[in-house]
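The values are calculated or read from the model by the stated rules, or taken from the named source; none is laboratory data. This structure is a prediction, so every number in the text was calculated from the model and none was measured. Every residue, glycine among them, receives a Cβ derived from its backbone with ideal geometry; neighbour counts consider all protein chains shown. Remember, those area values only see protein heavy atoms, side chains included, never the ligands or the DNA or RNA. Shrake-Rupley method; radii C 1.70, N 1.55, O 1.52, S 1.80 Å.
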Amino acid sequence: MRSTSRSTTRPWLRRGLASAAALALGSSLVAASATPAGAEERVDNPFAGADAYVNPEWAENVRSQAAETGGALGQQMESVAQYPTAVWMDRIGAIEGPAGGMGLRDHLDAALEQQDGGTPLTVTVVVYNLPNRDCAALASNGELRISENGMQRYQQEYIDPISEILGDPAYSSLRIVTIVEPDSLPNLVTNVDGPHATEDCREAAGPGGYVEGVRYALDNLQFENVYNYVDISHSGWIGWPDTNFPQTVRLFDDTISGAAAGVNSVSGFITNTANYTPTEEPFLTNPDLQVGGQPVRSAQFYEWNPQFSERPFAQALRTALVNAGFPSDIGMLIDTSRNGWGGPDRPTQVSTSTDLNTYVDESRVDTRPHRGNWCNQDGAGIGERPQATPAAGIDAFVWVKPPGESDGVAQDGIVDPDDPNKGFDRMCDPTHHNTWNPNMPTNALPNAPHAGRWFPEQFEMLVENAYPEL
Ligand code: BGC
């Protein structure tokens, strides 16, 4: 029922334009432009009842490491190759694809081949190339700059070609999910004013910046079989109820309300993209519980943030967004590719300590020294397997960050010849301290290659620490 009302209330701008043009040209073209046989009907949750696309390039990296490793560990590794991961359009050149590699059309063609008879198939595509990208860090700075005509290039050389491909009727039988611009709008919440402000983020908050870019992307990705989810960071970033959380809801509402289809431009939001925050903290579920006379949320690790894990956080965010005016059928996604935190040291029961910090540190499964640590985290494991409707309001657990791909290079002075804009961020250096808390180490793995590159040591660790186990 809901899917019907959604498809009639949403404008489907691009398809609408195409049919209008066809109408003007004559009725034979109308027939040609009508939904082709086998085209997918709009649904509320694109993941429900669907298979999902396995990126063959990523699976090949997994398989070759599995074969090289051999034994029981090799078998566990091999089992990972069956799971769907997102395809990242992380530069203009990714649309065509590198020499000898796959571009966007290649992936969609391969997805058509993977589609099994009548079962729908989702393909998840990350839209990640805003000008001044990754404005509060250096590991994934992109190729476009606001001061160098970046917004025009983003629109014409990046979003327009993606729009043309995703809107191609040849792909109308696929359910295409987009993940829109990880980290962008959340950076405008926390890194424009105050102690963590950066010049790049300040510029990104202005004309030709993130708000305009996200609106343009949404306006041009409106197709009946395309489902847009905007990245909304994670609980350790914006969980504080009096500041970041409501500011985030407001910014997302303002931004998306300003798109042509307004709040109907999106199917929902995704939390934890490429991050490590656990889906659940099984032994820490009540932020206001008193331990040693103080609430758990006041422990050093939580810094008064009551949102300890992604599932409750995503649900709370969804409620707040619906209250702010988003349609009640929006759904949330959670990236669970690396938030498993298993392995032999994972706590199996709640601590009995009466010292608050000891209590939290002995009970939490997330063993990072600080929740702001985001780069190649030591101790992490693969998380929940991709699955549809795992909890109320959650459309799916997805693997957006492909496990085994680095978050950023661990050492300064190494240039990536194919992507010279990938930089060195000290949060990826294991010998450095955390940017937000100088007493804390970065907890990053040593010897990591540039962001997006295959990192065998990390993949091995993620497999060994998977939770649930592989
Ligand atoms: C990198 C991208 C890469 C993606 C997935 C990001 O951190 O900047 O280049 O495609 O991770 O690994």
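Rounded, prolate or oblate: which fits the range 273-401 when a ≥ b ≥ c are the square roots of the eigenvalues of the alpha-carbon gyration tensor, with rounded for a/c under 1.5 and prolate only if a/b beats b/c? Could the numbers behind the result be given before it?
Numbers: a/c = 2.15, a/b = 1.35, b/c = 1.59.
In terms of gyration-tensor shape, oblate.
State the Cα centre-to-centre distance between the range 309-345 and the range 386-404 in whole Å.
Answer, in whole Å: 10.
Only helical DSSP H runs with n ≥ 4 go in: add -39500 (n - 2.57) per run for the chain, normalise by residue count and round the 222 nm mean residue ellipticity to 500 deg cm²/dmol.
-9000 deg cm²/dmol
Scan around THR124 for amide H atoms under 5 Å from its own, H built in the peptide plane at 1.01 Å from N, and keep only partners 5 or more places away or cross-chain.
Amide H neighbours of THR124, under 5 Å, 5+ apart: TYR53, VAL87, VAL177.
What does DSSP give for the chain in terms of the percent of beta bridges that are antiparallel, rounded to the nearest 5? Present the calculation step by step, with values, prior to reporting the outcome.
On the way: 8 of 36 bridges.
Here the antiparallel bridges make up roughly 20 percent for the chain.
Let's see if you can work this out: charge +1 on each Lys and Arg Cβ, -1 on each Asp and Glu Cβ, no other charges. What is the dipole magnitude of the chain about its Cα centre, in debye to the nearest 20?
Using Cβ point charges on Lys, Arg, Asp and Glu, the chain gives about 1100 debye.
Nearest-5 percent of antiparallel DSSP beta bridges in the range 319-470?
Among the beta bridges of the range 319-470, antiparallel pairing accounts for roughly 55 percent.
Could you please state how large a percent of the accessible area of the chain is carbon and sulfur, counting protein chains only and using a 1.4 Å probe? Working shown, then result.
On the way: 9160 of 18600 Å².
The nonpolar share, carbon plus sulfur, comes to 49 percent.
In degrees between 0 and 90, to the nearest 10, how far off the longest principal axis of the chain does helix 13-25 point, with axes built from Cα atoms?
The helix 13-25 is inclined about 10 degrees to the chain.
Would you be so kind as to identify which of ALA81, ALA217, ASN373 lies farthest towards the positive end of the dipole of the chain, taking Lys and Arg as +1 and Asp and Glu as -1 on Cβ and the Cα centre as origin?
ALA217
Answer rounded, prolate or oblate for the range 76-148, using the Cα gyration tensor with square roots of eigenvalues a ≥ b ≥ c: rounded when a/c is under 1.5, else prolate when a/b is larger than b/c, else oblate. Display every interim value, and only then the final one.
Numbers: a/c = 2.48, a/b = 1.89, b/c = 1.31.
Cα axes put the range 76-148 in the prolate bin.
Treating only the Cα positions of the chain as identical point scatterers, give the base-10 log of I(q)/I(0) from the Debye formula at each q in 0.06, 0.07, 0.10, 0.13 Å⁻¹.
After summing over all Cα pairs, the log10 values are -0.25, -0.34, -0.72, -1.26.
Express the accessible area of the chain per residue in Å², computed with a 1.4 Å probe while the remaining protein chains stay in the model. Spell out each step's value before the answer.
Details: 18600 Å² over 470 residues.
That works out to 40 Å² per residue.
Is the C-alpha gyration tensor of the range 362-435 telling us rounded, prolate or oblate? Criteria: a/c under 1.5 is rounded; beyond that, a/b larger than b/c is prolate, otherwise oblate.
Cα axes put the range 362-435 in the oblate bin.
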